[in-house]
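The values are calculated or read from the model by the stated rules, or taken from the named source; none is laboratory data. Here the structure is a predicted model, which means the values were calculated and not measured. Cβ atoms come from the backbone with ideal geometry, glycine included; neighbour counts cover every protein chain shown. Ligands, DNA and RNA are excluded from the accessible area calculation, which covers all protein heavy atoms including side chains. Shrake-Rupley method; radii C 1.70, N 1.55, O 1.52, S 1.80 Å.
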Amino acid sequence: MARRKLVAGNWKMHGLASDIAEVSAIAESAKEYGEVDVALCLPATLIERASRAVPTFAIGGQDVHGAQKGAHTGDISAAMLTDAGAKLTIVGHSERRTDHGESDAAVRAKAETALASGLDVILCVGESLEVRERGDALAVVTAQLEASLPTNDTASFGATGLAVAYEPIWAIGTGKVPSIADIAEMHAALRGRLVAAYGDAGQAVRILYGGSVKASNANEIFGVDDVDGALVGGASLKAEDFLPIVEAAAGR
Ligand code: PGA
């Protein structure tokens, strides 16, 4: 099945008001690649400012709470993200799972609440180096997906409302990337689980690869079956690094 590719940047804990010019530069250049969906997931403090600067471009958050509202000091709700202009959010990034002890159940709640609130969701899964080296990556990552997949009716979030990002933890920010064969094997397994969970709608869910994606490896990664885009950290901070990845996703 032909799926439109999605290239999403994850700025993590980087970015101040002075960086809105870079957001604008990325959004402006992305217009040239109409065949690809492009988004930037920014620190919460920049979402409203960025949304005002580039109103037609997809700005996202990096996390959301599983509850609609309440006594959760320091957290951000789906309604707050939407109110600030966000169109999407990441959930379950390994840095959140590690730094904040987020369980699969918590990640599922976040995804469900975000989708029910009209946000698109990028749900992250991925294995540690230890799990990869003992040969358990497929079993661990597919189990993680099954336990964190939202149970919302697929008709309610539509074909592009949910994306899954396969991000091996050992590949994030390290310059290391799994072999093409390992990426292909994992993405095929994740596709199988999505179809098992959602039926035909599981064919429409995009599966992104994330972890040290850059201009020099993007073409090869995007050539893999069931790789429907990328979640990009370090190389999303500057237009000159990010746009070549978008161009590769466009197949140009
Ligand atoms: P990286 O980060 O591209 O800097 O490896 C990817 C991510 O954590 O989403």
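Structure values in brief
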item: Residue check for K87: buried (at least 16 other Cβ atoms within 10 Å of the Cβ) and at positive phi; result: no
item: Residue match in the range 198-207 (condition: of a type outside the set (D, E), near the ligand (Cβ under 10 Å from one of its atoms), within 12 Å of the chain's Cα centre (by Cα) and modelled with pLDDT of 95 or more); result: no
item: Residue count, the range 39-75 (criterion: among the aliphatic types (A, V, I, L, M), under 18 Å from the mean Cα position of the chain (by Cα) and more than 18 Å from D19 (Cα to Cα)); result: 1
item: Options V164, V125, V141, V121; residue that is closer than 19 Å to Q68 by Cβ and within 16 Å of the ligand (Cβ to nearest atom); result: V121
item: Close pairs (7 angstrom Cβ cut-off, 6 or more residues apart or separate chains): more than 14 Å from K5 (Cα to Cα) in the range 19-39, open to solvent by 50 Å² or more (accessible area, probe 1.4 Å) and of a type outside the set (A, V, I, L, M, F, W, C) anywhere; result: I20/R49; E22/K238
item: Matching residues, the range 105-124, being buried (at least 16 other Cβ atoms within 10 Å of the Cβ) and over 16 Å from L162 (Cα atoms); result: A106
item: Long-range neighbours under 6 Å by Cβ, at least six apart or interchain, first residue under 9 Å from G211 (Cα atoms) within the range 161-190, second polar (S, T, N, Q) and surrounded by fewer than 19 Cβ atoms within 10 Å (Cβ to Cβ); result: I169/S128; V177/N217
item: Subset of the range 123-140 (residues that are assigned to a helix (DSSP H, G or I) and within 18 Å of L194 (Cβ to Cβ)); result: A137, L138, A139, V140
item: Verdict on S128 being modelled with pLDDT under 95, hydroxyl-bearing (S, T, Y) and surrounded by fewer than 22 Cβ atoms within 10 Å (Cβ to Cβ); result: no
item: Residues of the range 74-106 satisfying the condition of being in a helix (DSSP H, G or I) and away from the ligand (no atom under 15 Å from the Cβ); result: A78, A79, M80, L81, T82, D83, A84, D104, A105, A106
item: Residue count for the range 27-65, restricted to those that are open to solvent by less than 30 Å² (accessible area, probe 1.4 Å) and part of a loop (DSSP other than H, G, I, E, B); result: 8
